1. Residues of region 43-73 being part of a helix (DSSP H, G or I) and in contact with a strand residue (DSSP E or B) (Cβ under 9 Å, 6 or more places away or on another chain), which ones?
2. Only one of (1) polar (S, T, N, Q); (2) under 20 Å from residue 96 (Cα atoms); (3) at pLDDT 85 or above; (4) within 16 Å of the chain's Cα centre (by Cα) is not met by residue 153, so which one is it?
3. I'd like to know if region 163-181 contains one or more residues that are touching a helix residue (DSSP H, G or I) at 6+ places or on another chain (Cβ under 6 Å), assigned by TED's automatic domain parsing to the domain that holds residue 130, surrounded by fewer than 19 Cβ atoms within 10 Å (Cβ to Cβ) and modelled with pLDDT under 80.
4. Tally time: how many residues in region 42-57 are charged (D, E, K, R) and either within 23 Å of residue 131 (Cα to Cα) or surrounded by 10 or more Cβ atoms within 10 Å (Cβ to Cβ) (or both)?
5. Please specify each residue of region 95-109 satisfying the condition of being buried (at least 21 other Cβ atoms within 10 Å of the Cβ) and within 9 Å of residue 62 (Cα to Cα).
6. Being crowded, with 17+ Cβ neighbours inside 10 Å and basic (Lys, Arg) narrows it down to one of 60, 6, so name that one.
Amino acid sequence: MEFSSKLLSNAVSEMSQLPGIGKRTALRLVLHLLRQPESQTAHLAKALVDLRTEINFCKKCHNISDTELCAICANTSRDKSLVCVVEDVRDVMAIENTSQFRGLYHVLGGKISPMDGIGPGQLTINSLVEKVKEGEIKELIFALSSTMEGDTTNFYIYKQLENSEVNMSTIARGIGVGDELEYADEITLGRSITNRVPFENSLKSQ
């Protein structure tokens, strides 16, 4: 794709690096920005820079936060004995949208995937194990996507904690095998949280 302006070309090139944005879509977005008041583009640029430079990760659950402790962990009405283990912040948002869960979360930051070079040490599994050892958590809900990587991660955590007194459950399989959690509709996801089953039962069904 040829451009008459190097500035336009650079902007399109940067925009097209975003997930799901091809060159044509990037060009359409960049031309849209050019038609808007300069202040709107400045506000967008500032919001992105602020996001990158000022964002925090909650020291307790690793969720994205504006402060050291996220709003969910800081909420005294949440059940601190119940922790839902998820892959990333998109899953926290998906579950929160169901309004079916009143516990806390633990964001792993990914799934174990040897093919992608991701091992347990690159996730926040160690901090989860330490959190369980503190004794306040009574139940862990595994809410990772039902893929091979998700099941491997669930099983690894289960083996790390099988001698602890914490109960471990997994969301009911209203979520189709191979489905990503963030794409599940809110009703199905909410029911999967509510109708969770002991993790040991999920091992027997595999």
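The values are calculated or read from the model by the stated rules, or taken from the named source; none is laboratory data. Keep in mind it's a predicted model, so treat the numbers as computed, not measured. Neighbour counts are summed over all protein chains in view; Cβ atoms, including those assigned to glycine, are modelled from backbone coordinates with ideal geometry.
1. Answer for region 43-73, where residues must be part of a helix (DSSP H, G or I) and in contact with a strand residue (DSSP E or B) (Cβ under 9 Å, 6 or more places away or on another chain): 71, 72, 73.
2. In the conditions (1) polar (S, T, N, Q); (2) under 20 Å from residue 96 (Cα atoms); (3) at pLDDT 85 or above; (4) within 16 Å of the chain's Cα centre (by Cα), residue 153 misses (2) alone.
3. Looking through region 163-181, at least one residue is touching a helix residue (DSSP H, G or I) at 6+ places or on another chain (Cβ under 6 Å), assigned by TED's automatic domain parsing to the domain that holds residue 130, surrounded by fewer than 19 Cβ atoms within 10 Å (Cβ to Cβ) and modelled with pLDDT under 80.
4. Total satisfying the criteria: 2.
5. Hits for region 95-109 are 105, 106, 107, 108.
6. 60
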